[in-house]
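Heads up, the thing below is written out as structure tokens.
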Amino acid sequence: MAILNILHYPDERLHKVAKPVEKVDDEIRRLIDDMAETMYAAPGIGLAATQVDRHLRLIVIDVSEDKSGLIALVNPKLISLDGKTRFEEGCLSVPGIYEEVERAERVTVEALDRNGDSFRLDAEGLLAICIQHEIDHLDGKVFVEKLSRLKLDRILVKLKKNQRKTL
């Protein structure tokens with residue numbers, strides 16, 4: 001396994017729309033494992049392939065306290081969204097930024113697992129929010145772009161300032 005490089009906003013590659021995975025094979029399983037290792041090391045609770053510059057419809061999520069609940073979703077597709085909630089989100093591609101975003105409270109998603117088997121998952125709360133956040137990445141969207149123009153401009157200034165500190 002390997003820790004992959006995570007792209008940081010406003011990198012244009014984060015706006016690429018991911019292509020469907022044609023076949024779940026050893027290469028995809030290796031990518032799932034590498035993405036999981038990267039997510040845990042960051043540390044985070046979700047990671048989309050887009051964030052590691054692999055533009056495939058693949059996400060990994062683990063919202064468990066003890067990091068024992070890894071879920072890999074290959075070609076995830078939201079089937080239903082229900083209710084509304086506001087939740088403070090962060091993102092490994094937008095380090096140090098946390099903002100409230102409105103999302104569906106409950107979702108149903110269909111996907112393939114790491115063996116290529118189809119499954120359906122009903123989720124609510126943090127898991128539902130994380131699924132929507134990561135699927136947005138696959139569609140070339142970053143959560144800060146759901147905010148007002150004023151907030152986004154402030155975030156960009158802060159990110160540039162933080163970037164200069166790390167150089």
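For this structure, a couple of remarks:
- Database remark: amide H of Glu89 closer than 5 angstrom to the amide H of Glu99, Glu100, Val101 (H placed geometrically; neighbours at sequence offset of 5 or more, or on other chains; Pro and chain starts carry no H).
- In a reduced charge model with +1 at each Lys and Arg Cβ and -1 at each Asp and Glu Cβ, the chain shows a dipole moment near 880 debye about its Cα centre.
- Between amide H atoms placed 1.01 Å from N, distances below 5 Å from Arg57 occur with Lys19, Val21, Asn75, all of them 5 or more places distant or on a separate chain.
- Principal axis analysis of the Cα atoms in the range 15-58 yields extents of 29, 27, 13 Å, listed in decreasing size.
- To put it simply, the accessible area of the range 77-166 at a 1.4 Å probe is 47 percent carbon and sulfur.
- The calculated 222 nm mean residue ellipticity attributable to helices in the chain amounts to -9500 deg cm²/dmol, summing -39500 (n - 2.57) over DSSP H runs of n ≥ 4 and dividing by all residues.
- Averaged over its residues, the chain has an accessible area of 55 Å² per residue, based on protein heavy atoms and a 1.4 Å probe.
- Debye log10 I(q)/I(0) for the range 1-84, one point scatterer per Cα, at q = 0.20, 0.22, 0.25 Å⁻¹: -0.96, -1.12, -1.30
- Rg and Dmax of the range 70-154, based on Cα coordinates, read 13.6, 44 Å.
- For the listed residue pairs Lys19/Lys160; Lys23/Lys84; Lys77/Lys146; Lys16/Lys160, the alpha carbons are over 32 angstrom apart in Lys23/Lys84.
- For the chain, alpha-carbon Rg over 2.2 N^0.38 Å: 1.00
- Selected from Ser64, Ala111, Gly90, residue furthest toward positive end of dipole (the range 10-138; charges at beta carbon): Ala111
- Averaging Cα coordinates gives a centre for the range 84-158 and one for the range 5-73; these two points are 13 Å apart.
The values are calculated or read from the model by the stated rules, or taken from the named source; none is laboratory data. Being a predicted model, the structure only gives us computed values, none of them experimental. Note that we place each Cβ from the backbone using ideal geometry, even for glycine, and neighbour counts take in every protein chain shown. With ligands, DNA and RNA removed, areas are computed over all heavy atoms of the protein, side chains included. Shrake-Rupley method; radii C 1.70, N 1.55, O 1.52, S 1.80 Å.
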